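Peer 1: Sharing a structure below in structure tokens format, with a few things to ask.
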Amino acid sequence: MGSKPPHPVPLGFVFRSRSKEEKAPAADKAPLTDSTQPRHPQAPKGRPTPKRSEAQTQRRSVANTPTTRKEAAKRQRDERRAQLEKQRKALAGGDERYLPARDKGPVRKFARDFIDSRFNIAEFFLPMAVVILVLSMVRVGALQSIALLLWLIVIVLIVLDSFVTGFRLKKRLAERFPDDNRRGAVAYALMRSLQMRRLRLPKPQVKRGAKL
């Protein structure tokens with residue numbers, strides 16, 4: 001009758017999460033490290049030391065990153081100007097690395113060399129056209145008739161020469177580059193044959209009469 005009731009058990013003890021009890025030993029076992037303790041020179045740092053070249057590249061890329069739209073536009077203009085300058089020098093010297101896309105590749109180079117190594121009637125079209133134009137402007141019936149006849153002869157010779165040149169070039173390309181893409185190479189070469197030799201770009205790299 002006079003005995004005291006048993007000591008009540010705290011509810012926090014009953015409903016305490018098991019996860020805390022399980023994590024507690026692991027936390028107790030974790031080694032304590034002193035951040036102020038100096039690191040041994042031979043001890044690993046936890047990450048590889050970057051090479052000097054890689055570090056310089058990273059610093060350079062960060063420094064060169066444009067911060068405003070105006071700087072980005074200026075940089076794009078400078079890069080485009082530099083690329084155009086490289087293409088201009090490549091067209092003059094024949095450097096394949098910086099040529100425009102339409103002039104790149106061994107097929108296009110062979111087509112250029114094939115045209116530059118021979119005489120083409122079409123390359124004399126411009127000077128002959130000037131002569132014919134001058135003759136046609138003279139108010140003399142005989143000279144105007146000669147100019148018209150010369151014009152017809154020039155057109156026929158250019159068509160025949162272009163047909164023969166295209167046929168031979170197509171055959172040589174099929175023999176030399178059987179597995180490469182040759183599409184458009186003949187038309188590319190014929191358009192080059194219409195230009196005077198000294199005005200052609202890229203500049204001719206072979207002499208007339210050279211064997212390919």
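The values are calculated or read from the model by the stated rules, or taken from the named source; none is laboratory data. Everything quoted here is computed from the prediction, not taken from an experiment. Virtual Cβ from ideal backbone geometry, glycine too; neighbours counted across all protein chains shown. To get the accessible areas, we keep the full protein, side chains included, count just its heavy atoms, and leave off ligands, DNA and RNA. Shrake-Rupley method; radii C 1.70, N 1.55, O 1.52, S 1.80 Å.
Peer 1: What's the percent breakdown of Cα-Cα distances in segment 78-168 across 10 Å bins, shortest bin first?
Peer 2: In order of increasing distance, the bins hold 14, 28, 23, 20, 12, 2 percent.
Peer 1: Could you please tell me the mean projected area of the C-alpha convex hull for segment 90-133, averaged over all directions and given in square nanometres to one decimal?
Peer 2: Convex hull of Cα atoms, orientation-averaged projection: 4.1 nm².
Peer 1: Among residues other than Ala73 whose Cβ falls under 15 Å from its Cβ, what is the net charge (Lys/Arg +1, Asp/Glu -1)?
Peer 2: Local net charge: +4.
Peer 1: Give me the extension gain from Phe119 to Glu175: residue separation times 0.36 nm, minus the current Cα-Cα distance, reported in nm with one decimal.
Peer 2: Stretched out fully, the Phe119 to Glu175 stretch lengthens by 17.9 nm.
Peer 1: Taking K and R as +1 and D and E as -1, what net charge do the other residues with C-beta under 10 Å from the C-beta of Phe119 add up to?
Peer 2: +1
Peer 1: Full extension from Lys203 to Thr68: what is 0.36 nm times the residue separation minus their Cα-Cα distance, to one decimal in nm?
Peer 2: That works out to 44.5 nm of additional length.
Peer 1: Would you tally the net charge around Arg97, using a Cβ to Cβ cut-off of less than 11 Å, leaving Arg97 out, and scoring K and R as +1, D and E as -1?
Peer 2: Taking every other residue near Arg97 into account, the sum is +1.
Peer 1: Can I ask one more? Can you give the accessible area per residue of segment 68-180, in Å², using a 1.4 Å probe?
Peer 2: 70
Peer 1: Then there is this: Residue by residue through segment 139-152, what is 3J(HN,Hα) from phi via Karplus (6.51 cos²θ - 1.76 cosθ + 1.60, θ = phi - 60°)? Round to whole Hz and write x for glycine and proline.
Peer 2: Listing the rounded values in order: 7, 10, x, 5, 5, 5, 5, 5, 4, 5, 5, 4, 4, 5 Hz.
Peer 1: Under the rule of at least 5 residues apart or a separate chain, name every residue whose amide H is placed under 5 Å from the amide H of Gly94.
Peer 2: Lys203
Peer 1: Which of rounded, prolate, oblate describes segment 123-164, given a ≥ b ≥ c as roots of the alpha-carbon gyration tensor eigenvalues and a/c under 1.5 marking rounded, otherwise prolate only if a/b is larger than b/c?
Peer 2: Taking the square roots of the gyration eigenvalues as a ≥ b ≥ c, segment 123-164 is oblate.
Peer 1: Here's something else I'd like to know. Averaged across orientations, what area in nm² does the convex hull of the alpha carbons in segment 61-212 project?
Peer 2: 14.1
Peer 1: Give me a comma-separated list of calculated 3J(HN,Hα) values for segment 155-162, in order, Karplus coefficients 6.51, -1.76, 1.60 applied at θ = phi - 60°, integers in Hz, x for any Gly or Pro.
Peer 2: 4, 5, 5, 5, 5, 5, 5, 5
Peer 1: Per residue, how big is the convex hull of segment 129-212 when only Cα atoms are used? Give it in Å³.
Peer 2: It comes to 118 Å³ per residue, whole-number rounded.
Peer 1: Roughly how many nanometres apart are two label points built 7 Å out from the Cα toward the Cβ at Arg77 and Ala187?
Peer 2: 3.6
Peer 1: Spin-label point model (7 Å from Cα, Cβ direction): what's the Arg102 to Lys89 distance in nm?
Peer 2: 2.4
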